[in-house]
Every structure is written in structure tokens, then in C-alpha cells.
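*Asks:* What follows is a structure written as C-alpha cells; I'll ask about it next.
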Amino acid sequence: MILDRHAALQDWLKLSDLHEYPRRIVCLTEETTETLYLLGEEARVVGVSGYTARPPEARLKPKVSAFTSAKFDKILALNPDLVLAFSDLQADIVRELATRGLNVVVFNQRSIHEILQMMLMLSRIVGAMEKGIALANSLRAGLLRISHAAANLPRRPRVLFEEWHDPLISGIQWVEELLELAGGDPVFPELRHCAAGSQRIVDPNVVVDRDPEVIIASWCGRKVNKDFIASRPGWSKLSAVRNRHVYEVKSTYMLQPGPAALTEGVRQLHTIISHVAGVSVKPELCPQERVDPDLKTGWNSRPRMASSTGATDEV
């Protein structure tokens, strides 16, 4: 019996198909999916988050998770050799996957620098280091072009970035950094290094004291209700509200710590801030996706009606 097992092990060592890099990857958040596509390694992706929007073709992959929940049996059925997750927010998912015997890598990027480092690490994991370096350098060059354009703005408007509405949560580090690169002056810079949203809850009355000239809202998974923002006690006095500079940037462009934020997200921020500063955006720096229509029409130029979900519909 022992000899039989020994012979079987020898046969396995001779015949087994070993792979240098993972070939079947499940991505539990959008940013690693988009990064793998930009690296030209999309064939390795076998499962994605249900929130995945970029690139559009990634939505054809099997959807196996939300942000804090996952379909474990469906993930196991895909036979992945690697699962990619994000932060302590997915710790319970990661623990269960590890218990079930899967390999899991958890990224924790919270800044522009860490986002680029995540991309480089992921490129090494899949054996595409040269393409990863090229991607990181291309993204850095794009950010520098935005920064140079922002340096020529006649002024830097004070900006409140609203990540959530109730409780009111200010922007996480990569968002605040992108705001500064885009030409804005965040009104809660002291909170940017707080990783948890619960640590970035702000008192609406303090916002009144800091008087932002622009409010940019990006409510994760929910349409921004500008009337709700303007109706907060005392907020009618805010420069942003009085001058109708309240805008939405879709969360898929801003709240995923990956390529989207460093490309479309920062372009939309720069477009909004330049508009408030009275400056046109260079064509090569314009957003590629649909921007807040109120940049052209003016917020409240048409009547709005609140829906049962708190979102607003034009009437």
C-alpha cells in the first residue's frame, strides 16, 4: 500500500501541470478587475463583483459577490486558484474563503500612492510586471497633466466631498488627494487619513462654519439628492448652495480605489472645479463619461420631485 502511494506521488510529480502564475482569479471588487483588464490579463478573471461596471465587458463574467457578502458555493464552483479582496470590510468573506481552502490576497490601498502600488503588486502576481510599470507610469503622467492645469486656475475653491449623506461622511484619503490635484481645497483635510467612514463623520454645523464653495457628492450605490443636501439646517447660507455649485460624481468613478478614480474620477473633479473657477478645461483633460448635467444647465433650473427612495426625479 505504501509503495502504491509512493508510485502515485512520483507519477503526479512527473505529470502534474504546474503553472507559474494564477490562471483563474475571482475579483471581489471592481478595481482589481479593471486593473487586470488594463494589463491585458482579462482571460485570468473568472468571477467578479456584482457592482462591477468597468470595463463594461467585465459584466459578462459570473457575478459572485456584493461588497460585504459573497456566494461562496458559486466561487468554489469556479475553481479559482486566487481570490482578490479589499480591506477589513471584506474580512468576514476572506475568513470564510480561507476556511474553505482558497488562496486569498487582500489589498488595503487608501491613497494614490497605495493604489499605484496595488497595481504593481497585482502585475507581479500575474507575471505582467513590465505592463504594470507602464500602466502606473501612464496613470501618473495623467495625474501630472491634471495637476499642471490646476496650478493655472485663478483660485482654488473650497470643496466639501460628501461620501455619504446620513450620517454626513467626508472624503477618504485618495479622494481628498485627487481633489487637491484637480484644483480644489478640501474643507476637512484633517480627516483624510481616517480609513473608516465612521471616523470621517462630520457635524453639518461645522460645514456651515467652513463654508465650502463647491459640494461634490458621491453616495455609494445611491443617486445624490441635491435638494436633501441644500435643505440641511443652515446650509442655505453656504456659498456652494447659494451659487448652485452642488454636483454629483458617480461612485463608480470615485469610490473604487483603482484606475477609475485616477482617470475618469479626477477628470470629473477637475471639470467641476474649473467650472466654478470660471476656466474652460483643455480638451485632452475632459471626462470621457457623462458628467453631472447641472454643469451645463444649472442646478435647480428645472423643478424636482422627491421619490420614495429619497432620490430626485425631474418633472
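*Asks:* Check off (1) modelled with pLDDT of 95 or more; (2) more than 30 Å from residue 56 (Cβ to Cβ) for residue 254 and give me the number that stays unchecked.
*Replies:* If we test residue 254 against (1) modelled with pLDDT of 95 or more; (2) more than 30 Å from residue 56 (Cβ to Cβ), just (2) comes out false.
*Asks:* I need the full set of residues from region 208-228 which are modelled with pLDDT under 95 and over 19 Å from the mean Cα position of the chain (by Cα), in order please.
*Replies:* The answer is none; no residue qualifies.
*Asks:* For region 101-108, does any single residue satisfy the condition of being under 21 Å from residue 173 (Cα atoms) and of a type in the set (S, T, N, Q)?
*Replies:* Looking for residues that are under 21 Å from residue 173 (Cα atoms) and of a type in the set (S, T, N, Q), one finds at least one in region 101-108, hence yes.
*Asks:* Next question. I'd like to know if region 104-114 contains one or more residues that are without any contact (Cβ under 8 Å) to a residue 12 or more places away in the chain and either assigned by TED's automatic domain parsing to the domain that holds residue 198 or charged (D, E, K, R) (or both).
*Replies:* no
*Asks:* Looking at (1) over 19 Å from the mean Cα position of the chain (by Cα); (2) buried (at least 20 other Cβ atoms within 10 Å of the Cβ), which is the only condition residue 119 fails?
*Replies:* (1)
*Asks:* Considering only region 11-30, how many residues are at pLDDT 85 or above and among the hydroxyl-bearing types (Ser, Thr, Tyr)?
*Replies:* The qualifying residues number 2.
*Asks:* Now a separate question. Can you tell me which residues in region 191-209 are part of a helix (DSSP H, G or I) and under 12 Å from residue 171 (Cβ atoms)?
*Replies:* 191, 197, 200
So that you can scan it fast, the table gives a plain yes or no per residue for (1) among the polar types (S, T, N, Q); (2) at pLDDT 95 or above; (3) within 17 Å of the chain's Cα centre (by Cα); (4) not in a helix (DSSP H, G or I):
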{"position": "114", "(1), (2), (3), (4)": "no, yes, yes, no"}
{"position": "123", "(1), (2), (3), (4)": "yes, yes, no, no"}
{"position": "146", "(1), (2), (3), (4)": "no, yes, no, no"}
{"position": "160", "(1), (2), (3), (4)": "no, yes, no, yes"}
{"position": "176", "(1), (2), (3), (4)": "no, yes, yes, no"}
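*Asks:* A follow-up question, please. Please enumerate the residues belonging to region 225-239 that are over 13 Å from residue 160 (Cβ atoms) and in a loop (DSSP other than H, G, I, E, B).
*Replies:* 225, 231, 233, 234
*Asks:* For residues that are of a type outside the set (A, V, I, L, M, F, W, C) and at pLDDT 95 or above, scanning just region 56-68, find the one that is surrounded by the most Cβ atoms within 10 Å (Cβ to Cβ).
*Replies:* That would be 65.
*Asks:* Would you confirm, using the coordinates I've provided, whether residue 228 is of a type in the set (A, V, I, L, M, F, W, C), under 21 Å from residue 255 (Cβ atoms) and touching a His at 6+ places or on another chain (Cβ under 9 Å)?
*Replies:* yes
The values are calculated or read from the model by the stated rules, or taken from the named source; none is laboratory data. What you see is a predicted model; the values in this text were computed from it and never measured. No Cβ is skipped: glycine too gets one built from the backbone with ideal geometry, and neighbour counts run over all protein chains shown.
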